[in-house]
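The structure under discussion appears below in the form of structure tokens.
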Amino acid sequence: MTEEIRTTTGRPIGARGLKTRSQLMLCLRELLAEYGHHATRVIDVARRTRTSPATFYQYFADVDAAVLALARPVAQDGSDGLIYAEISSWWGDERRSAGSTVDAFFAFWREHEVVLRVVNLRAAEGDSRFAEIRRRVLSGLLGHLEYAIATRPSSPGPKDDSFASAEALTQLLAAAASRHASDTADSAVVRQMLVELISLTVSGAIVVPLPVA
């Protein structure tokens, strides 16, 4: 059941209000793409939307609250794992499945890059709300990789290896996507390295350690 969207004072939002809210979010996304998070102010969003800051505050407590509204659907898309649904089997062609996994995640990152960059930034700055969004964004990838490692036909390692290895690979993919998701020569090299690492880990040829914080 979808949670009802309300104003900052707790009132239900009607059809006209939902349209205004959506316009504010659209303009915020444009400004984030153009100027970044810390340079984007409420007054900027209001001006771009041709409304007032008072109208903005009817729907969002601040810019972060509006970014979280943008990020929640992205987190849902990342957590449900549907972007990996067509990668049905790893066995016998781990490299191809690893490549499909990297490509799916990079495509997801490119589609939502404007929002995900802010999520990463605010999570790194210690905001627990954005850290939770980031965890949800990556949870579908984590589950996809953990399942592949845990169910490989070859002899698995210790029981906790599948999660630890999947977590390490997930963090590596997230870091790589934030820097190399675009289609460049460097990105192609990074992609190939990730594909090789994932396929070797899933096959059991290597065990990836947890990254050092």
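The values are calculated or read from the model by the stated rules, or taken from the named source; none is laboratory data. Values in this document were obtained by computation on a predicted structure and should not be read as measured data. Quick reminder, even Gly has a Cβ in these numbers, built from the backbone with ideal geometry, and neighbours come from all protein chains shown.
For residues in region 74-96 being assigned to a loop (DSSP other than H, G, I, E, B) and of a type in the set (S, T, N, Q), which is nearest to residue 119 (Cα to Cα)? Walk me through it before giving the result.
Our first condition is that a residue be assigned to a loop (DSSP other than H, G, I, E, B); within region 74-96, this holds for 81, 85-93.
Now narrow it down to the ones that are of a type in the set (S, T, N, Q): 88-89.
Working: 88: 30, 89: 31 Å.
Checking each candidate, the answer is 88.
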Quick check on this structure: which one of 138, 121 is surrounded by fewer than 17 Cβ atoms within 10 Å (Cβ to Cβ) and either within 16 Å of residue 68 (Cβ to Cβ) or modelled with pLDDT of 95 or more (or both)? 121
Unique residue being touching a Leu at 6+ places or on another chain (Cβ under 6 Å), closer than 26 Å to residue 4 by Cα and at pLDDT 95 or above when the list is 63, 45, 67: 45
Lone unmet requirement of (1) of a type outside the set (Asp, Glu); (2) in contact (Cβ under 8 Å) with a residue 60 or more places away in the chain; (3) farther than 27 Å from residue 128 by Cβ; (4) assigned to a helix (DSSP H, G or I) for residue 71: (3)
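For the subset of region 31-84 comprising residues that are hydroxyl-bearing (Ser, Thr, Tyr) and within 23 Å of residue 12 (Cβ to Cβ), which member is surrounded by the most Cβ atoms within 10 Å (Cβ to Cβ)? Spell out how you get there, then give the answer.
The first filter runs over region 31-84 and keeps only residues hydroxyl-bearing (Ser, Thr, Tyr), leaving 35, 40, 49, 51-52, 55, 57, 59, 79, 84.
In the following step, the residues that additionally are within 23 Å of residue 12 (Cβ to Cβ) were identified as 49, 51-52, 55, 57, 59.
Details: 49: 18, 51: 16, 52: 13, 55: 17, 57: 16, 59: 21.
Of everything passing the filter in region 31-84, 59 is surrounded by the most Cβ atoms within 10 Å (Cβ to Cβ).
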